[in-house]
Structure formats: structure tokens, C-alpha cells
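Quick notes on the structure that follows.
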Amino acid sequence: MALLLAGCAGSLPYKMPTLDIPALWKSNPAAVAAAQPTDPAQWWKTLGDPVLDQLIESALQNSPDLRLAAAKVREARAQKGVSDANLWPSLNATANASRSKNSKETGSGATGNQFSAGLDASWELDLFGGLRSAAEASDASLQASIESLRDTRVTLLAETAQGYIDYRGLQARLQVARDNLKSQEETLAITRWRQQAGLVTELDVAQASTSVEQARAAIPALEKSLESTRNSLAVLAGLTPTRLAALLEKAGSIPQTPASLAIGIPADTLRQRPDVRAAEQQLFAKAALVKKAEAARYPSLTLSGSIGLEALRAGRLFSADAMAGSIAAGLTAPIFDAGRIRQNIAIQTAQQEQVLATYEKTVLQALADVENALVALNKTRERETSLQAADTSANEALALARARYQAGLIDFLPLLEAQRTQLSADDSRLSAAADRAKALVQLYKALGGGWTPG
């Protein structure tokens with residue numbers, strides 16, 4: 001009977017939905033062309049920054065987020081072990097000893113002993129696949145937790161790299177602000193000398209002094225942002241701010257991006273993205289739970305038995321006459337449950353549809369992330385090129401304006417405007433360089449880089 005029912009229990013594996021995956025990326029600028037592929041597991045090495053390499057290593061070793069995700073994997077693995085164990089018989093050992101005395105009013109008043117020892121076994125045969133489906137769901141949940149750990153790693157590496165780029169960018173902008181303050185102070189000194197010589201009025205001195213104080217006021221805001229960024233980076237790297245400060249004392253600049261890189265095709269990205277892989281495993285798990293709910297509509301068969309020894313005296317416990325045993329089989333089938341099983345199936349099916357929608361959204365978001373990152377990388381490169389040219393022109397204009405002012409050929413306002421233009425151009429150039437490096441990091445995050453499939 002068990003073999004006959006088990007033959008009806010088989011079910012087809014869950015079929016993944018067919019999605020419209022493009023063959024090529026829509027945003028494929030010439031700057032992102034075929035090149036020597038970068039190892040996606042260590043993409044940050046393309047930036048060529050030893051300090052960043054140390055920060056990444058520290059984050060991988062010390063990040064609380066990674067430890068939390070790893071603990072969830074261990075929990076899911078243990079839960080899978082519990083589900084797998086339900087497929088096998090259970091065996092328990094028992095041992096008892098008792099001494100009792102009867103009442104003389106109702107019995108003989110005799111005192112007696114009883115000793116027993118034995119083994120009890122029970123096994124629920126998985127006739128319709130309910131237990132197997134539960135085990136499949138646990139296995140898929142375990143795989144989803146592993147992918148979530150990988151996704152945490154991908155996010156951690158990207159955020160660490162972006163935080164480091166922000167830090168170096170702020171450092172460079174702070175140095176520009178300090179150099180600008182020094183230049184403004186030199187201009188103020190020249191203006192005062194020219195005023196003492198009767199070549200300019202007090203208005204020029206006042207304007208130069210205002211420019212100095214404005215340049216000075218810009219520095220504390222940048223210093224505040226620099227400290228805040230460093231503290232956030234310390235959390236990502238799993239270090240105290242003091243230890244991180246020692247590491248960042250080494251001189252560094254904004255990391256440079258490679259001229260070209262290979263990114264693969266959309267299908268490769270979906271296979272690499274841990275969040276897509278996790279969503280897929282969650283879909284498998286929910287499909288298995290639907291099958292488990294459906295199996296509850298059918299009968300369940302439980303086998304049980306025991307074998308042991310019973311005696312009134314301890315010395316007779318291991319004699320042949322002390323042997324005792326039993327075996328039983330129980331078949332249970334649902335007849336009326338007021339629709340509980342049917343509603344549970346409806347619940348699991350609706351949850352499966354929700355997970356399916358989440359999976360499809362995750363795939364679409366993955367494709368959009370890469371497209372956005374490609375556009376950002378291309379446009380920040382164009383912006384940086386233009387700002388570099390503007391910065392070169394602004395420096396030339398400032399040098400010319402300063403020389404003409406010292407020669408008395410122009411008044412102070414053209415010089416002041418040239419100084420402001422040069423500062424803005426230099427600051428914008430550095431911001432664009434940092435944005436370009438962060439766009440590359442965002443692209444590798446969108447591609448799911450930071451781990452090796454295995």
C-alpha cells in the first residue's frame with residue numbers, strides 16, 4: 001500500500017517564469033568597450049590604491065554586517081538539518097524502575113517492584129511528499145541565506161570603496177580651499193600695499209578682506225564633512241575611528257578609473273547578482289511550501305513499534321521471559337476540517353505569487369542598475385574632461401588677471417572674479433573625478449562583483 005501511494009506522490013519540479021532578458025545593454029558607450037575582463041571578485045584592484053585594498057580586507061574581516069549574515073546562514077543550515085531529520089525514523093531509549101505498595105483497605109497491602117528497559121521507534125512515511133517538500137523548502141531557504149550573505153558582501157565592498165573615494169575627494173577639496181585661502185591672503189597683502197601707495201581705494205581692501213574671510217569660512221564645513229565621512233568609513237571597515245585615522249594618514253589621492261573595461265552581457269549579470277539568485281531561491285522555497293500544503297489533503301501513514309524488557313526483579317530483567325514488544329501502523333486521513341487545508345493552500349499560493357512578483361522586480365531592477373551605472377560612468381567621464389579644460393583655462397585667466405592687477409592695468413573686481421572662477425573650476429573638477437570613480441564602483445556593484453561563484 002505504501003509503495004502504491006508513494007508512486008502517486010511525485011511532482012514536477014518548479015518551472016521558472018520566462019522573462020524578457022535583452023541580449024545586449026542599451027547603454028553601451030564607446031568608453032565601456034571590450035577589454036581584458038576584470039576579476040569580479042576583486043574589482044577594487046582596478047583602482048590601484050593600496051590603502052583601499054587594506055580597507056576592503058579589514059571590512060571583510062571585521063564587518064558586523066557580514067557576521068550577522070553569516071550567523072543567519074548557520075541558522076538556515078541548522079533548520080535544513082531539522083527538516084531533513086523528519087524524513088527518517090526516530091528511535092528513543094527508555095529505562096524505568098518503580099516500587100509501589102497497595103492499600104490494605106482495597107488490596108493486599110503488598111509491596112512490589114517493577115523494572116523495564118527498551119527501545120521505541122516511530123516513522124511517518126512520506127506518502128505524498130509533504131515532508132520532502134518541507135525539506136526542499138528548507139534547502140532553498142538555506143541557499144537564499146547564502147546568497148543574502150553574498151549580497152551583503154557586495155554592498156559592503158561597494159559602500160567601503162565609495163566612502164574611501166568620498167574621503168579622498170574631500171581631502172583634495174580641502175587642500176584646494178586652504179590653497180585658495182593662502183592665495184586670497186596674498187592678494188589682500190598686495191591690495192593693502194597698493195592702497196598705501198595710493199594706487200587703489202579702501203573699497204578694494206574691503207573687497208579683498210571679504211574674499212579672505214569667505215575662503216576661510218569654507219574650510220570648517222569641509223573639515224566637518226571629512227571627519228563625518230571618516231567615521232562612517234570606520235563603521236564599514238569594522239575599525240575604531242582612531243585606528244582608521246592611522247591608516248588614512250598615508251598620502252593618497254582620488255583613485256583613477258581604467259580607460260576601458262569588459263562588463264559581459266545581461267544574462268551574465270543576472271547569474272552573478274546575489275540578490276537575483278536569492279530571489280530565485282526564495283521562489284523555489286515557496287513553491288515547495290505550496291506542495292507541502294497540498295500534501296496535507298491526503299492520508300498520512302505512521303509506523304511505530306517498541307521492544308524491551310520488563311521484570312519484577314532487577315535480576316530477571318535480562319532473562320528470556322522478560323522480553324516484550326509491540327508494532328503498530330496508523331493511517332490518518334482528513335475528512336472534514338471546515339476548509340482549513342484548502343485555505344492554507346490558497347495562502348501559500350498567494351504568497352508564491354508575491355514572491356514571483358518580487359523576483360521579477362528584482363530582475364528588472366538589476367538590469368536598470370547596470371544601465372544607470374553605465375550612463376553615469378560615461379557622463380561623469382565627459383563632465384570631468386570638460387571641467388579639466390575649464391580648470392586649465394581658469395588657472396591661466398587667474399595668472400593673467402593677477403599680473404595685470406599688480407601692474408595697475410585692471411581694478412580689483414576682475415581679479416576677484418577670476419579667483420572665484422578658478423576656485424569653482426578646481427573644486428568642480430575634483431568632485432567630478434570622485435564622481436567618476438564612484439560611478440565605476442556603482443557599476444561593479446550593479447554587476448554583482450565582490451564574490452566568486454562556486
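Listed by first and then second residue, the pairs linking a residue in region 279-300 that is within 13 Å of A144 (Cβ to Cβ) to a residue that is open to solvent by less than 20 Å² (accessible area, probe 1.4 Å) and among the acidic types (D, E), with Cβ atoms under 7 Å apart and 6 or more places separating them unless they lie on different chains, are Q281/E147.
Looking at region 190-212, is at least one residue acidic (D, E) and either more than 17 Å from K438 (Cα to Cα) or in contact with a strand residue (DSSP E or B) (Cβ under 7 Å, 6 or more places away or on another chain) (or both)? Yes, region 190-212 has at least one match. The lone criterion from (1) open to solvent by 20 Å² or more (accessible area, probe 1.4 Å); (2) of a type outside the set (D, E); (3) modelled with pLDDT of 90 or more left unmet by T452 is number (3). A single member of V82, V73, V176 is exposed (fewer than 12 other Cβ atoms within 10 Å of the Cβ) and either over 17 Å from the mean Cα position of the chain (by Cα) or not in a strand (DSSP E or B) (or both), and it is V82.
Just one of the listed residues (S122, S100, S148, S116) is more than 30 Å from L309 (Cβ to Cβ) and polar (S, T, N, Q), and it is S148.
Selection of region 392-414 for residues being open to solvent by less than 40 Å² (accessible area, probe 1.4 Å) and in contact with a Leu (Cβ under 9 Å, 6 or more places away or on another chain) yields A394, L398, A401, Y405, F412. Annotation for region 381-392: at least one member residue is touching a helix residue (DSSP H, G or I) at 6+ places or on another chain (Cβ under 6 Å), assigned to a helix (DSSP H, G or I) and among the aliphatic types (A, V, I, L, M).
Which is within 19 Å of S300 (Cα to Cα) and not hydrophobic (A, V, I, L, M, F, W, C), of S103, S122?
One residue alone meets the criteria, S122.
Across region 9-59, the qualifying residues are those that are at pLDDT below 65 and within 26 Å of the chain's Cα centre (by Cα), and the one among them that is least open to solvent (accessible area, probe 1.4 Å) is V32. Here V375 meets each of (1) without any contact (Cβ under 8 Å) to a residue 40 or more places away in the chain; (2) assigned to a helix (DSSP H, G or I); (3) open to solvent by 40 Å² or more (accessible area, probe 1.4 Å); (4) not basic (K, R) with one exception, condition (1). Taken over region 314-369, residues that are out of contact with any Pro (no Cβ under 9 Å at 6 or more places or on another chain) and in a helix (DSSP H, G or I) amount to 29. Going by the structure shown, is S122 surrounded by fewer than 16 Cβ atoms within 10 Å (Cβ to Cβ) and touching a Ser or Thr at 6+ places or on another chain (Cβ under 6 Å)? Yes: the conditions hold for S122. Within region 186-208, restricting attention to residues that are among the small types (G, A, S) and over 18 Å from A418 (Cα atoms), which residue is surrounded by the fewest Cβ atoms within 10 Å (Cβ to Cβ)? Per the criteria, the residue is G198.
Scanning region 87-119 for residues that are outside any strand (DSSP E or B) and touching a residue at least 24 places away in the same chain (Cβ under 8 Å), we see that the one that is least open to solvent (accessible area, probe 1.4 Å) is L87.
Can you name the residue in region 257-274 that is under 21 Å from K438 (Cα atoms) and out of contact with any Leu (no Cβ under 9 Å at 6 or more places or on another chain) and, of all such residues, is most open to solvent (accessible area, probe 1.4 Å)? Checked region 257-274; the qualifying residue most open to solvent (accessible area, probe 1.4 Å) is A259. L222 meets all of the listed conditions (1) more than 25 Å from the chain's Cα centre (by Cα); (2) open to solvent by 70 Å² or more (accessible area, probe 1.4 Å) but one, namely (2). Taken together, Q272, Q256 contain a single residue that is out of contact with any Pro (no Cβ under 7 Å at 6 or more places or on another chain) and touching a residue at least 12 places away in the same chain (Cβ under 8 Å), which is Q256.
Screening the candidates A6, A93 for the property of being at pLDDT below 75 and more than 30 Å from Y444 (Cα to Cα) yields one hit, A6.
The values are calculated or read from the model by the stated rules, or taken from the named source; none is laboratory data. Everything quoted here is computed from the prediction, not taken from an experiment. Using ideal geometry, Cβ is built from the backbone for each residue, glycine included, and neighbour counts are taken over all protein chains shown. These accessible areas exclude ligands, DNA and RNA; they are computed on the full protein's heavy atoms, side chains included. Shrake-Rupley method; radii C 1.70, N 1.55, O 1.52, S 1.80 Å.
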